[in-house]
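Visitor: This is the structure I want to talk about, given as structure tokens.
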Amino acid sequence: MRDAWRVAFGTFTALPVGPPEHVTGVVLGRALLLAPLTTAPALLAWAALGTVSTTGWAPAGVAAVLALVVTALLSRALHLDGLADLADGLTSGHDPARSLEVMRRGDTGPAGAAALVLALLLDAACLTTLLGGAFGTTLAVVALVASRLACALCARDGIPPARADGLGQGVAGTVSRAHLLGLVAAVALAAGLAGASVSAGLGSTWWAGGLGAVAVVLVAVAAAVVTRRHAVRRLGGVTGDVIGAAIEVALAAGLVTAALVVTAVPHL
């Protein structure tokens, strides 16, 4: 299990960790299942920024941008890079080989740049609303954690790699359906309990907060699945860029859902 922790934090964060002793399909599968836990450093930063914003020490907009900056630094912006690469690849034509070649390049084209700008603007707009209150901050954190479910969703058994090398080749098919369903259920349950607890503490109905938090998780999961399916249909399988893009799309979808929940229930 130690190797899985090292692979998870070494892959999805910029934190210094020792190299794993053994890297097998089982280890990689476990690492992807642990991906939501690798958000812990960013989660603490988001919670702190939400507290600073809620107490009036900093404007919500500033806190929102700082939250995105911290997250990008902690992840070495790899997920954003995956989003840009996938956008460039999918808009380069309908030939899978051509798309994969474009995705392998180190430059970013117009589609990739547009995807990055629009995704970050959407995230910042949502976080400006969410980090202004305790319940909104809770839902923002839920969206952050839920977005990392995309890692296991993209590596579910039965999904092939798009190329014979790279991260996709190593992790494709390493997560069983049973483990995936268990992980999604666990994250949804934890999110529901967190949302219910915070809403009850604010004097609102606990079930409204719980359902809102669960909705954030489910929408994030659905967004990741849609991204994965589209990529597999166009590319023939998954790559590391597909996983990164699925994370960013899931995060944006989760944050939008969270902002809608907070707007619909203003007293939270």
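FYI, it's all coordinate maths here, none of it is from the lab. Note that this is a predicted model, so its numbers are computed, not measured. Here the Cβ is made from the backbone with ideal geometry for all residues, glycine too, and neighbour counts use every protein chain on show.
Visitor: Quick one: helix 177-201 against the long Cα principal axis of the chain, what's the angle to the nearest 10°, folded into 0 to 90?
Guide: 20 degrees
Visitor: Something else about it: Normalise the Debye intensity by I(0) for the chain, one equal point scatterer per Cα, no solvent, then take log10 at q = 0.10, 0.14, 0.16, 0.17 Å⁻¹ and round to two decimals.
Guide: Treating every Cα as an identical point scatterer, log10 I(q)/I(0) equals -0.48, -0.93, -1.18, -1.30.
Visitor: Would you give the gap between the C-alpha center of region 40-109 and the C-alpha center of region 138-169, rounded to a whole Å?
Guide: Value for the Cα centre distance between the two parts: 15 Å.
Visitor: Turning to a different aspect of this structure: Compute the acute angle (0 to 90°) between the alpha-carbon long axis of helix 78-90 and the principal axis of greatest extent of the alpha-carbon atoms of the chain; round to the nearest 10°.
Guide: That works out to roughly 60 degrees.
Visitor: Measuring from label point to label point, each 7 Å out along Cα→Cβ, what is the ASP165 to ALA178 span in nm?
Guide: Roughly 3.7 nm, to one decimal.
Visitor: Here is a follow-up. How far, in nm, would the chain grow between ALA186 and ALA114 when pulled straight, counting 0.36 nm per residue and subtracting the alpha carbon separation?
Guide: Between ALA186 and ALA114, full extension yields 22.5 nm more.
Visitor: In nm, give the distance between the simple-model label positions of LEU122 and ALA14, each being 7 Å from the Cα along the Cα-to-Cβ direction.
Guide: With each label point 7 Å from Cα toward Cβ, the separation is 2.5 nm.
Visitor: Let me ask another. Once amide H atoms are placed 1.01 Å from N in the peptide plane, what residues at a sequence separation of 5 or more from VAL238, or on another chain, have their amide H within under 5 Å of its amide H?
Guide: ALA162
Visitor: So what's the angle, to the nearest 10 degrees on a 0 to 90 scale, between helix 134-147 and the longest Cα principal axis of the chain?
Guide: For helix 134-147, the angle is close to 10 degrees.
Visitor: What's the ranking of 176-183, 232-239 by average number of surrounding C-beta atoms within 10 Å, highest first?
Guide: 232-239, 176-183
Visitor: At 7 Å along Cα-to-Cβ for each site, give me the label-to-label distance between THR91 and VAL62 in nm.
Guide: With each label placed 7 Å out from Cα toward Cβ, I get 3.4 nm.
Visitor: Report, in cubic angstrom per residue, the convex hull volume of the C-alpha atoms of region 83-129.
Guide: Convex hull of Cα atoms, per residue: 61 Å³.
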